1. Of all residues being farther than 25 Å from residue 6 by Cβ and of a type in the set (Ser, Thr, Tyr) in the range 85-133, which is least open to solvent (accessible area, probe 1.4 Å)? Just the residue, please.
2. Given (1) touching a residue at least 60 places away in the same chain (Cβ under 8 Å); (2) in a loop (DSSP other than H, G, I, E, B), identify the lone condition not met by residue 122.
3. So residue 34 fits all but one of (1) within 14 Å of the chain's Cα centre (by Cα); (2) open to solvent by less than 50 Å² (accessible area, probe 1.4 Å); what number is the exception?
4. What residue, of 45, 37, 95, 119, is within 17 Å of residue 15 (Cα to Cα) and among the small types (Gly, Ala, Ser)?
5. Scanning the range 73-84 for residues that are open to solvent by less than 80 Å² (accessible area, probe 1.4 Å), assigned to a strand (DSSP E or B) and in contact (Cβ under 8 Å) with a residue 24 or more places away in the chain, which turns out nearest to residue 17 (Cα to Cα)?
6. Of all residues in the range 71-119, count the ones that are under 11 Å from residue 47 (Cβ atoms) and among the polar types (S, T, N, Q).
7. Restricting to the range 10-31, and then to whatever is under 17 Å from residue 119 (Cβ atoms) and aliphatic (A, V, I, L, M), can you tell me which residue is surrounded by the most Cβ atoms within 10 Å (Cβ to Cβ)?
Amino acid sequence: MTNIDPRIIGTWRMMGTLGRDDAGALLPPPFGPAAMGLVVFQADGRMMAVLCDGRASLPEAETRQFMSYAGNYTFDGKTLTTRVDASSDPSRVGGDQVRHVRFENGSMVLAPPRRLFAGVMQHQELTWQRIAD
């Protein structure tokens, strides 16, 4: 069995998302105003994540955001790295998804590297609450 920091192991539900531009101004939330997601981290070093815009219907001009991926992960207490071997976005397969991790107020906050999203360079954070060990 892989030696994994036990703080991350379990099933987590997305509680909220946040996006900011380089100047720190708030942007529309990633995955919309009703983001949904689950992420599972197993003690053997396997994980899977599913994230989407959870609104029942979208305005006519909008496309529903959806992402899922799975792979083997490592977590050193601050940085989570997943080697993706399955994804709804084929360009992610074979690459690493890196997230900075912090724990606060019983939640886990994952922050991907700065990236272009919705035409703007963004700093994003996704907040998760553990729902099962």
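The values are calculated or read from the model by the stated rules, or taken from the named source; none is laboratory data. Just so you know, these numbers come straight off a predicted model, no measurement behind them. All Cβ positions, glycine included, derive from the backbone under ideal geometry; neighbour counts span all protein chains shown. For accessibility, only protein heavy atoms count, side chains too; no ligands or nucleic acids. Shrake-Rupley method; radii C 1.70, N 1.55, O 1.52, S 1.80 Å.
1. Taking the candidates together, the pick is 87.
2. (2)
3. That leaves (1) as the condition not met.
4. 37
5. Of everything passing the filter in the range 73-84, 80 is nearest to residue 17 (Cα to Cα).
6. 5
7. 27
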